[in-house]
Ligand SMILES: [Fe+2]
Ligand SMILES: [Fe+2]
């Protein structure tokens, strides 16, 4: 089984890249399931129903998210609805008592969203949250293939999660920093791992924002209104091959594409 995981999709440039790249990529690589982190889909902050469906109608099957999930309030009432009601969107499972779900099963794959706690809002422990999710999954005869989007800032916390879940899930894929890392590998017990997939957003930017205002913020220390940059767009993703019976990962490869 072949799964594509796409890094944080940023605003209109990100949506445009998904629409122009993903449908043909699915065909070309025989991809069974596409997961994308959608936390920055609407103007860089959160996602709306309209922007979510711009991805879901163009080859994305499941949306994960992160700390920006609450930025567009209009999506919140739809977050408790399952795929049968139309919105395959999850938020980090370790939010203590929030609307929505942190786990979703789609086409024989269990997708889990967790968020780190280092340099991030203080949530429940993501490690213990993963234990509970996996115990519940075992008890309910959930699919063998389990993909975890670990939305976190610190590389150490992400690597620790990779080792913590090695052999227990098919993949631990990092998101949030918007900068892809080169450490993709299959860990010894069969879990595909990468610290960060990266983003789907404007190349000439500071983590997708227009350079000028970010520079001004650093030079003066004063707040600046940040906008999504323009120009060529990069789509950062990883392609993961998984044995459907055992749930073990076979390979993980980076797949990065630029459109003008
Ligand atoms: Fe993001
Ligand atoms: Fe984030």
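Coordinate-derived values only; no laboratory data. In this text the structure is predicted, and so the values were computed from the model without any measurement. Ideal geometry is used to build each Cβ from the backbone, glycine not excepted, and the neighbour counts take in all protein chains shown.
A few notes on this one:
- Here the peptides 235-245, 23-33, 142-152 are ranked by packing, the mean other Cβ count within 10 Å, and the order with the highest first is 142-152, 235-245, 23-33.
- The C-alpha atoms of region 209-260 occupy a region whose extents along the principal axes are 55, 26, 14 Å, arranged from largest to smallest.
- Simple spin-label estimate for residue 185 and residue 250 in nanometres, 7 Å along Cα-Cβ: 2.2 nm
- Estimated 222 nm signal from helices in the chain, with DSSP H stretches of n ≥ 4 weighted -39500 (n - 2.57), rounded to 500: -7500 deg cm²/dmol
- Relative contact order (%) - the chain, alpha-carbon pairs under 8 angstrom, separation at least six: 19 percent
- Rg [Å, one decimal], Dmax [Å, integer] - region 77-133, C-alpha atoms: 11.9, 36
- Considering only beta bridges that DSSP places wholly inside region 2-259, some 50 percent are antiparallel.
- Taking N as the residue count of region 127-260, its C-alpha radius of gyration divided by 2.2 N^0.38 Å amounts to 1.25.
- Alpha carbon centroid spacing (whole Å) that separates region 122-147 from region 191-207: 25 Å
- Degrees separating the helix 155-165 axis from the principal Cα axis of the chain, which is the longest one: 20 degrees
- Once the Cα atoms are used to define both axes, helix 211-220 deviates from the longest principal axis of the chain by about 80 degrees.
- Cα-Cα separations in the chain greater than 36 Å, expressed as whole percent: 7 percent
- For region 100-196, the share of alpha carbon pairs falling in successive 5 Å distance bins from zero is 3, 14, 26, 26, 19, 10, 3, 0 percent.
- Order by protection proxy (mean Cβ within 10 Å, highest first), peptides 179-186, 44-51, 60-67, 101-108: 60-67, 44-51, 101-108, 179-186
- Directionally averaged projected area (convex hull, Cα atoms, region 38-170), nm²: 8.0 nm²
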